[in-house]
Amino acid sequence: MSDRLATGRPAARGHGESYGYLKGKRVSEGYQPGDPILRGINLTKKFLVGDGVVAVREVTLDVMPGEFILVIGPSGCGKSTLLSLLGGLDRPTGGEVILEGRKYSRLDENGLARLRRTSVGFVFQFFNLLGDLTAAENVALPMRLIGLTDEEIHRRTEDLLGAVGMLERANHSPYELSGGEQQRVAAARALANQPKVVLADEPTGNLDRKNGLEVIKLFKRFNAERRQTFVVVTHDRTFAEFADRVVHMEDGRVIKVEGGAA
Amino acid sequence: MIIFRLALKNVLKNANRSLLAILGMAIAAAIMTGSISMRTGYVNPAFLDYRRFMQADVVIYPKKLHVDPGAVRQRATEEWETVKYQPTFGSDLLSLEPRLADEGFLAPPGGDPDIDLAALRQALAGRANIAGVHPLFTIPAMLSAQGEGDAVPRFYRVPVRGEDVLAAKSWGGGPPIAGGRALVPVDEGSPHQSPQRFALVDARSKAHPQIPVGSQMKLFFPAVRREVAGRPVYDWSDLRAFTFTVVGHYQIPTGSSPLRTEEGLPVVDGQEGRSVIVPTYWDVPDILVPSQALAGVYRELGGTAQTRADQVGISLNSMYLAKQTAAELQQAFPNFGVYTVPNLVRLAGEGVRAIQTDSGDIRYERGRDQQMVLPADLSRTFIVLSFAIAGLLVATNMFILTAQRRQEIGILRAIGASSREVFTLILSEVIGLAVIGSLAGFLLIQLGVTFLLFFSKVSLAEAGLSTLAATAEVVGLSVLVAVLFGLLPAWEAARSTTAEVLRHE
């Protein structure tokens, strides 16, 4: 990627997507294999509610390619906000997020949207499937947004639904699926465009213990088989055994990192 | 594509919630459809009132797409009458037959030729919509006739009009020629020897004594002293005699009217106790002769080619441009009365009244009753207002719907939909609502209009074209209004960020 950017032309990244430049400024630079794929540097997020609530305070987090990270902390400690900042869903009040060398601060809203299409996959606590679409259509949606061919979409959808054990329920509406099934479909959707990084916000929070465990195992399998990087926010410490690193948060700060190097 | 599919699903899913917007758009479309129907004149009433159309100089009427000369000739063999057929002009007047002719279409007031045909043709040049130009000529003449109580024949001034009169086969036939008057025979007529020099006389005219059928009628035409810009200057000191055979009497029915006394009271049937309804007629002094014969007379009088006409019929391929064409012609010829067929609806109230005189005779006079119609400006205002209200309903509805669907929009943004795609999604839904609403309103009215079309002898092709054009106009305007009013909610939805949405879960 860095070599291509060095040519001085906007970086093209698959399917005609381009987010290497914003209004002539280069936003991606200096990324080398082996560098952290995702970096949060001194991230601060302040919400203008009342006197102002600081949800994230000067958090720095480097995520290495292929890593499986759990972010753990009590409710309201800022872990979901941190995930939003890392995924480009929200903008930090201070600090910078860099994904594969691309600085979010230099991307506009549409630039971030294009980045989320191809490089970041999201899994939410409440699944967030579109109720008007079937399970297969939900999985296919991100691929349609980047303009893959019908044939390729069909192939990938089958592959992903098969991988999450939902192939037989492909034509069911989300309303006809259980919570665990919906979350598996949501996981398949997050992986549809083969993102480098998958961010999961309390993916087990709305599931029973058994289904929650299955979802985490599913993530771990993808992480192992496809070398996709996972950052999973949860309040359940029992999943720590699956993680390469566990990041503990409290009151908007990272208070401890277990395993690897923070 | 997926965005449009999502939009369609949303429209269908939320149809009940969107009912108000759809209803508003439907009402607006219905009002517009009704207005278009009246404006373009393809509704039945327009065809019923051609006979009111007596004073126009330039008449604009639709060209129908089917022409069946055989059918008219067949009718002509059964009884004598004027028909509208002009092979030299390729006239489509025939296509308006028999109904328009039967109802008095194109009856000029007489007088000197006044319409400059060259200028008219120039004004019409380049207009693809013009199907044909059909001039009608008149030459003033003196009729020598002896009325009751006259010791010797006297002269009566009469206009002689060239009409395309088709005589019955039993009378030896005559050249098929175009004209525009509803003629109904009042006698059996008589055979005549000269197919070129025969005439029809208004049976009800009080302007001259009646000439018996079969008798020779002497007409004295003034010589043409000179022509000024195509307009003849007649020399009334140099009258030339021409003899025509009267082959029949005609009368021009204009419908029916309640019979009233001189004081304006209705005449009541003594036994039944109901108002007496009597047929009404125009009485005109016009002597009708074949137009070819009249052209021959004009040349013998010293004239060359008539370049001005009393009245001109202009047929159009499509009546959708009739209003515009009429307005442009009216501007080009401010001294002429330019009318489109739809104006007949406005003129419908100006019928003929039947009045019973003290002696018991029936006298006819023009009425002044006006039919209540919607003025064009008011109609336009209604359309604009109704669409404005419909647009506001759509906008309000979309604001509510997008507020309810913040989560869906947030999800789309989270998985990478750009603001443009969200904008397209909402706008597509707005357009979907507009199309559904406008089609519903349009169909509601258009079904009735189309039903009337079948009874007004409009060809299926013409009716189809009219309907298609009206559909495009109504749905097009609806979509335009919806897009305008949908821009704001679409923009609001597009600029919402994912974090805003997910934070409020």
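Some notes on this structure:
- Its Cα gyration tensor gives segment A:20-172 an equivalent ellipsoid. The semi-axes, each the square root of 5 times an eigenvalue, are 30, 21, 16 Å from largest down.
- Fewest-first sequence of B:THR307, A:THR229, A:THR60 by Cβ atoms within 10 Å of each Cβ: A:THR60, B:THR307, A:THR229
- B:ALA332-A:LYS46 FRET efficiency (beta carbon distance; Förster radius 56 Å; 0.05 resolution): 0.15
- For residues of A:97-110, the mean tally of beta carbons on other chains within 10 Å: 1
- Binning all Cα-Cα separations of segment A:198-255 at 10 Å, short to long from zero, yields these whole-percent fractions: 21, 56, 22, 1.
- Per-residue ellipticity at 222 nm, computed for chain A from helices alone with -39500 (n - 2.57) per DSSP H run of at least four residues, works out to -9000 deg cm²/dmol.
- With a Förster radius of 45 Å applied to the beta-carbon distance between B:THR357 and B:ARG420, the computed FRET efficiency rounds to 0.05.
- Calculated diffusion of chain A, Stokes-Einstein form, Kirkwood radius summed over Cα pairs, 10 °C and 1.306 mPa s, µm²/s: 84 µm²/s
- Using C-alpha pairs under 8 Å with a sequence gap of at least 6, the mean separation divided by the residue count of chain A gives a relative contact order of 25 percent.
Computed from the coordinates by the stated procedures, all read-outs in this text should not be read as laboratory data. Bear in mind that the values here come from a model prediction, so they are computed numbers and not experimental data. Virtual Cβ from ideal backbone geometry, glycine too; neighbours counted across all protein chains shown.
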